[in-house]
Amino acid sequence: MTRTPSELLLSQALATRCKIALSEGSDPRIVAGALAAQRQGLADVILVGDAAAVRKELEAQGAKEGDGVSVEDPATSPLTNGFVAVFEDLRRHKGIDAEAARKAVLSPLVFAAMLVREGHADGTVGGAVATTSDVVRAALQVIGKAPDAALVSSFFLMYPPSNATPHARAMVYSDSGLVIDPNPIELASIAAASARSCRTLLREDPKVAMLSFSTKGSARHPRVSKVTEALDHLRTKHPDLDADGELQFDAAFVPSVAATKAPGSTIAGQANVMIFPDLDAGNIGYKMTQRLGGYSAIGPVLQGLVKPANDLSRGCVAEDVTQMIAVTVLQALDRS
């Protein structure tokens, strides 16, 4: 069975430890997950927030600063003034002055992103309290979109339960958390980014299924055409990528169905990267796989940024935080 991000990292003898900044540093779940990651050797952690509140929570969990756990308070950090100058320069074209830049940098989300941008951390994780839109906004404004990405998108890592059927497997579901209605070029970019994420986080060769309610021309509709156009763009720009479409989910996932609906396809029945045509399908699909199929879902993970920044569900638990730290480390190593 495919190993989780934490298991992948634990299996590697890393010469250096990455540093991950957590923007909600006083939240009990964040502290517990961060401490677990640090103790397991997955990463060193920077807890961002009011210093007194963070240290109080550390103490409540039997820990303190030092040995890979540090605290940064935007209100008192010696880094803040420099970050204010950088942020003002970044956002001057949007009318941001020094006063507005300071207000922004005092936000833990922005401060954590600045730690990444300026090289004090290798990635950042937030979203246990903040909304996805706030997490993404801070990442885009401060860290920025990667030059080779058409847009920033998201995905979920889906891991099957121990009692799953024989053809069950770990998969990437994208986009299931961010881009509402991508056009064909954007959908192709999401697919390419998701294929890279598959290699980085599942350590498997990607087999990309462009999903639809139609398989190989079984239906005609503009929504189907959008998917086939996206596949054309993907194949033109990434000819070596193993991708096919349009495919219904059962044709992409179940070998016996694939043999009937898409004979001759190189990925039908064995796809491990599922590209949904829009956010409705992606979000519904991952939740049904999780709740009815018993799969574990890690995400939403962001892709397409210069350096990694990731979102958490506001219903997350400490184990989710630890896994997301591991994901962020693997992304940072891939970008290095």
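For every residue, the table says whether it meets (1) without any contact (Cβ under 8 Å) to a residue 12 or more places away in the chain; (2) small (Gly, Ala, Ser); (3) touching a Gly at 6+ places or on another chain (Cβ under 8 Å).
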site	(1), (2), (3)
Gln270	no, no, no
Gly285	no, yes, no
Arg291	yes, no, no
Ala297	no, yes, no
Leu305	no, no, yes
Ala326	no, yes, no
Ala332	no, yes, yes
Arg335	no, no, no
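In the set (1) under 19 Å from Arg17 (Cα atoms); (2) of a type outside the set (Phe, Trp, Tyr); (3) modelled with pLDDT of 95 or more, the condition left unmet by Gly285 is number (1).
Among the residues of segment 28-51, is any modelled with pLDDT of 95 or more and more than 23 Å from the chain's Cα centre (by Cα)? Checked against the condition, which is being modelled with pLDDT of 95 or more and more than 23 Å from the chain's Cα centre (by Cα), segment 28-51 yields at least one hit. Taking segment 175-188, which residues are modelled with pLDDT of 95 or more, buried (at least 22 other Cβ atoms within 10 Å of the Cβ) and closer than 16 Å to Val208 by Cα? Asp175, Leu187, Ala188, listed by residue number.
Has segment 65-77 got at least one residue that is of a type in the set (D, E, K, R), touching a helix residue (DSSP H, G or I) at 6+ places or on another chain (Cβ under 6 Å) and part of a helix (DSSP H, G or I)? No, segment 65-77 contains no residue that is of a type in the set (D, E, K, R), touching a helix residue (DSSP H, G or I) at 6+ places or on another chain (Cβ under 6 Å) and part of a helix (DSSP H, G or I). Residues that are open to solvent by less than 10 Å² (accessible area, probe 1.4 Å) and either out of contact with any strand residue (DSSP E or B) (no Cβ under 9 Å at 6 or more places or on another chain) or assigned to a helix (DSSP H, G or I) (or both) within segment 29-54 comprise Ile30, Val31, Gly33, Ala34, Leu35, Ala37, Val54, listed in sequence order.
For segment 127-155, enumerate the residues that are assigned to a strand (DSSP E or B) and either open to solvent by 10 Å² or more (accessible area, probe 1.4 Å) or free of Cβ contacts under 8 Å to residues at least 40 places away in the same chain (or both).
The answer is Lys145, and nothing else.
Filtered by the rule that a residue be part of a helix (DSSP H, G or I) and surrounded by 15 or more Cβ atoms within 10 Å (Cβ to Cβ), segment 272-292 gives Leu279, Ala281, Gly282, Asn283, Gly285, Tyr286, Thr289, Gln290.
Of the residues that make up segment 301-308, is at least one modelled with pLDDT of 95 or more and over 21 Å from Glu186 (Cα atoms)? No, the conditions are met nowhere in segment 301-308.
Here is a yes/no grid of residues against (1) within 21 Å of Phe156 (Cα to Cα); (2) assigned to a helix (DSSP H, G or I); (3) in contact with a Lys or Arg (Cβ under 7 Å, 6 or more places away or on another chain):
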{"site": "Arg199", "(1), (2), (3)": "yes, yes, no"}
{"site": "Ser214", "(1), (2), (3)": "no, no, no"}
{"site": "Val227", "(1), (2), (3)": "yes, yes, no"}
{"site": "Asp244", "(1), (2), (3)": "yes, no, no"}
{"site": "Ile267", "(1), (2), (3)": "yes, no, yes"}
{"site": "Gln270", "(1), (2), (3)": "yes, no, yes"}
{"site": "Gly294", "(1), (2), (3)": "yes, no, no"}
{"site": "Lys307", "(1), (2), (3)": "yes, no, yes"}
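The values are calculated or read from the model by the stated rules, or taken from the named source; none is laboratory data. Worth saying up front: this structure is predicted, and the values here are computed from it rather than measured. When we count neighbours, we look across all protein chains shown, and the Cβ atoms used for this are built from the backbone with ideal geometry, even at glycine. The area values use the complete protein model at the heavy-atom level, side chains included, leaving out ligands, DNA and RNA. Shrake-Rupley method; radii C 1.70, N 1.55, O 1.52, S 1.80 Å.
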